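Notes follow once the structure below has been shown.
The values are calculated or read from the model by the stated rules, or taken from the named source; none is laboratory data. Since we're looking at a predicted model, the values are computed, not measured. Note that each Cβ is placed from the backbone with ideal geometry, even for glycine, and that neighbours are counted across all protein chains shown. With ligands, DNA and RNA removed, areas are computed over all heavy atoms of the protein, side chains included. Shrake-Rupley method; radii C 1.70, N 1.55, O 1.52, S 1.80 Å.
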Amino acid sequence: MRTKKTQILTAATAFTLLVIALNVLFPLPLDKLSQRSSTVVTDRDGNLLRAFLAPDEMWRLRTPLAEISPDLRKAVLEFEDRFFYWHPGINPVSVLRAALSNLRAGKVVRGGSTITLQIARMMEPKERTFRNKIIEALRALQLEWRFSKDEILELYLNMAPYGGNIVGIGAAARFYFGKPPRQLSPGQAALLAALPNSPNRFRPDLNPQEARNARRRVLDILQARGAISPTEHLEAGSEAIPFKRFQLPFVAPHLAVQLMAEHTGQERIVSTIDLGRQQLARDMLANHLRPLQRLGIHNGAVVILDNKKRELLAMVGSGDFHDDQHQGQVNGATAARSPGSALKPFIYGLGLEHGLISPQTLIPDLPVDYAGYQPSNFDGMFHGTVSAEQALVRSLNVPAVNLYRQLGENGIFNFLKQAGTKSISQPKEHYGLSLILGGCEITLLELTNLYASLACGGQFEEVKMTEHNFVEPARRILDEGSTFILTEILSKVRRPELPAVWDASVNLPKVAWKTGTSYGNRDAWSVGYTPDFTVGVWIGNFNAKGVPALVGAEVAAPLLFAIIDALAGKARSRWFQMPEKVEERRVCTVSGMTPGPFCTTSTQELHLPGISPTRPCSVHRQILVDRQSGKRLCSSCRLGRTWRTRIVEDWPPEISAWFSRHGRPLDFIPSHFEDCSRIAAGDGPIINSPQDGAVYRIRAGVDPRYQQILLDAAVSNLTGTIYWFVDGRLIYSGPPDGRVFLTPEPGTHNLICMDDEGRSSNQKIVVRSDKKLTDLWN
């Protein structure tokens, strides 16, 4: 007995040593067990967004065993290898039964392969010879030595062929039933359990009857072994056989392409996309673009960000990815385009932060010339002065340019660079002052993230697109107080689909938002934010074709609000909390300055104590009027005379001159008492035209009358008469709003403009000509 036991032990030891030796001499080719899978991009919850073919043009969607239907695992084990969890990779009983059956039949009618042996065969496909079967048996033992039973089952389900270029249960469940493996029904599981036995013969889309028969055989085995009841057999057998392949999900295709390029070699990329919101944005964009097609507008893009986590919830790159005629595969969310006025809020935010403005501060809206650059408003009109709040709400160009110039090095260029805006790649001089009006390019994603920074109190952070996405720590690009005031201003912009009293509609979410329209009507933008989300919309054509209807407020804003309304749900009463550093104060209704002693009305505004301008109102002033002559008196000439007081509006010269020329009523201010011996203080006239040092060239052959130079100066409404001198010669005396033209003569000329109180300004100009012209001087 002892000898027999010893013999068995010796044999087992020898066998073990043999297996170990063979394993050392012929190591398991593990690389062949992990062929490159298809790259899959999923949403935040693991839902498939898009998959890409593996390098060998096969579809492999690697699936963990835990995500595979228990019905499928049961069907595979009962049909393929019922003793899988008991044998060491080779089932001697099954091999013997198969051999006897094949001998009786005189042909191969039954196989003895275990699941492990099938993996060995798929790992190293060979001709079916006795020698190769010995090798497969060795590989099976090696697999059992190396992996657990669950790992081997997972390998099999991911390597099994399912017809055509479909490999593995993940791809098979998607292509044949349009669902992930964990959702397979019993009937679907039975069909897929049979399919690897003869993948092309049993393909349901090619041979539905063969597929039905194969499924019935699996169900028969399951019922015979008590794994399912007759009722379950009947229900599973009555399920429909798919007659064609399903299409794989194709959601967020532009983002999927981008992430695949950024994560080369990674099989599974989990994005931050929210599937429901992605589909919402996609469908709403497609519906919005449909009626715009007849206007020549064919594309658009949408970005939705989660403000708190700064995660990308949705990115729609075009109206239709498959629209080759209109370049649908271009990603409009990451393509750099001119933003028009969409950058303006940030220049006002900087103005608030640096104490240049508060909401009611008046900014000049007058014709200006900055070294040849002459900005104008969208409607071609000027307004003299406008509050900072109204300049932003009405998206006026000239006040924004004036503020940008006033900010100097603290302007929008350095702000965008600080925020890491990669699209701003040229030096500051390349853009000039037009940068604030869209004289640059930026992507919708970058722009939307800048607005999200406003929603986060001025904190900038890179957008996260994937789980575990490393980004730089958040950094402040605007202070919290300025951001809050700016947000309040942007929330006053009237929604395009509602009347002026829209804010009384309590069922609508409050939104801070802005639009932009690029030069030539090539791009229409609208970006808005609430405490929870920031949404960006771009509408246009990828070929940059301009269309008159491409106006941000008209074609982009309606879609913005439709999306925000859909996102808001019931959480519509929440709004931003006012920071402690922001307070309310009263300012002069007319000047926007803190009230002076002569201001009669005031209005409320938000301000930053210690930062916002505090200069008392200088527009309202008290004058003394001589009762006898009606002239204006000063402290030097009022002695011995009787007078009365008047409160008047005394505007700066350039403002006063513009008001006068455009019919805006000005307070009449009498001229100064002519017998007064005091020299008037203050600034003299401001010469608007010509520019100091300007060079003019006389064109030969053109009538000199058509080459005249406009002389224009701005004075306060205290001035009744101005005088123009050219090289010491008086050429005009009259009211300040009179039109004065100078016929040029070659040479350098000194121009002087003097008011009726003796204050003056002077400039030099140069006139050149190739041929000496005479008798041109009036």
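Worth a mention:
- Across region 470-486, not a single residue is classified as part of a loop (DSSP other than H, G, I, E, B), surrounded by fewer than 17 Cβ atoms within 10 Å (Cβ to Cβ) and touching a helix residue (DSSP H, G or I) at 6+ places or on another chain (Cβ under 7 Å).
- Checking ARG759, ARG768, ARG739, ARG729 one by one, the residue that is over 27 Å from PRO652 (Cα atoms), touching a residue at least 24 places away in the same chain (Cβ under 8 Å) and open to solvent by 30 Å² or more (accessible area, probe 1.4 Å) is ARG768 and no other.
- Apart from one condition, ASN91 fits all of (1) more than 59 Å from the chain's Cα centre (by Cα); (2) surrounded by fewer than 19 Cβ atoms within 10 Å (Cβ to Cβ); (3) modelled with pLDDT of 75 or more; the exception is (2).
- Every residue from region 224-236 that is in a helix (DSSP H, G or I) and buried (at least 17 other Cβ atoms within 10 Å of the Cβ): HIS233, ALA236
- ASP369 without any contact (Cβ under 8 Å) to a residue 60 or more places away in the chain, open to solvent by 10 Å² or more (accessible area, probe 1.4 Å), more than 23 Å from TRP513 (Cα to Cα) and charged (D, E, K, R): no
- Neighbours by Cβ (under 8 Å, 6+ apart or cross-chain): first from region 139-156, farther than 15 Å from ILE20 by Cβ; second open to solvent by 40 Å² or more (accessible area, probe 1.4 Å) and outside any helix (DSSP H, G or I): ALA140/ILE90; LYS149/TYR85; GLU154/PRO64; LEU155/PHE147
- Residue count for region 189-203 satisfying the condition of being surrounded by 24 or more Cβ atoms within 10 Å (Cβ to Cβ) and in contact with a Leu (Cβ under 8 Å, 6 or more places away or on another chain): 4.
- Once region 55-75 is narrowed to residues that are assigned to a loop (DSSP other than H, G, I, E, B) and touching a strand residue (DSSP E or B) at 6+ places or on another chain (Cβ under 7 Å), the residue that is least open to solvent (accessible area, probe 1.4 Å) is LEU61.
- GLY296 being farther than 23 Å from TRP513 by Cα, open to solvent by less than 70 Å² (accessible area, probe 1.4 Å) and without any contact (Cβ under 8 Å) to a residue 24 or more places away in the chain: no
- Residue pairs whose Cβ atoms lie under 8 Å apart, separated by 6 or more positions or on different chains, with the first residue in region 422-447 and closer than 19 Å to MET315 by Cα and the second surrounded by fewer than 16 Cβ atoms within 10 Å (Cβ to Cβ) and at pLDDT 90 or above, are GLU446/LYS422.
- Top-ranked residue in region 94-114 [being assigned to a helix (DSSP H, G or I) and among the hydroxyl-bearing types (Ser, Thr, Tyr); ranked as modelled with the lowest pLDDT]: SER101
Residues checked against (1) touching a His at 6+ places or on another chain (Cβ under 8 Å); (2) polar (S, T, N, Q); (3) assigned to a loop (DSSP other than H, G, I, E, B):
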site: ILE273; (1), (2), (3): no, no, yes
site: GLN279; (1), (2), (3): no, yes, no
site: ARG282; (1), (2), (3): no, no, no
site: ALA286; (1), (2), (3): no, no, no
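- Residue-level check: of (1) in a helix (DSSP H, G or I); (2) free of Cβ contacts under 8 Å to residues at least 60 places away in the same chain, LEU407 misses just (2).
- Out of GLN183, GLN209, sole residue that is modelled with pLDDT of 95 or more, farther than 22 Å from THR63 by Cβ and either open to solvent by 20 Å² or more (accessible area, probe 1.4 Å) or out of contact with any helix residue (DSSP H, G or I) (no Cβ under 9 Å at 6 or more places or on another chain) (or both): GLN209
- The condition (being in contact (Cβ under 8 Å) with a residue 12 or more places away in the chain and of a type in the set (Asp, Glu)) is satisfied by just one residue among ASP306, ASP283: ASP306.
- Residue identified as assigned to a loop (DSSP other than H, G, I, E, B), farther than 15 Å from LEU478 by Cα and either hydrophobic (A, V, I, L, M, F, W, C) or at pLDDT 95 or above (or both) among GLY332, GLY355, GLY380: GLY332
- Hits in region 503-539 (condition: on the phi > 0 side of the Ramachandran plot and surrounded by 24 or more Cβ atoms within 10 Å (Cβ to Cβ)): none
- Matching option when the condition is on the phi > 0 side of the Ramachandran plot and at pLDDT 85 or above, among GLY758, GLY747: GLY747
- Within region 190-213, tally of residues that are within 17 Å of PHE79 (Cβ to Cβ), part of a loop (DSSP other than H, G, I, E, B) and within 47 Å of the chain's Cα centre (by Cα): 2
- Number of residues in region 251-266 that are assigned to a helix (DSSP H, G or I), of a type outside the set (A, V, I, L, M) and either in contact (Cβ under 8 Å) with a residue 12 or more places away in the chain or surrounded by 14 or more Cβ atoms within 10 Å (Cβ to Cβ) (or both): the value is 3.
- Just so you know, in region 76-88 the residues that are in a helix (DSSP H, G or I) and open to solvent by 10 Å² or more (accessible area, probe 1.4 Å) include one that is nearest to SER148 (Cα to Cα), and it is LEU77.
- Checked against the criterion of being of a type in the set (Phe, Trp, Tyr), crowded, with 16+ Cβ neighbours inside 10 Å, at pLDDT 95 or above and farther than 17 Å from VAL76 by Cα, region 159-170 contains not a single residue that satisfies it.
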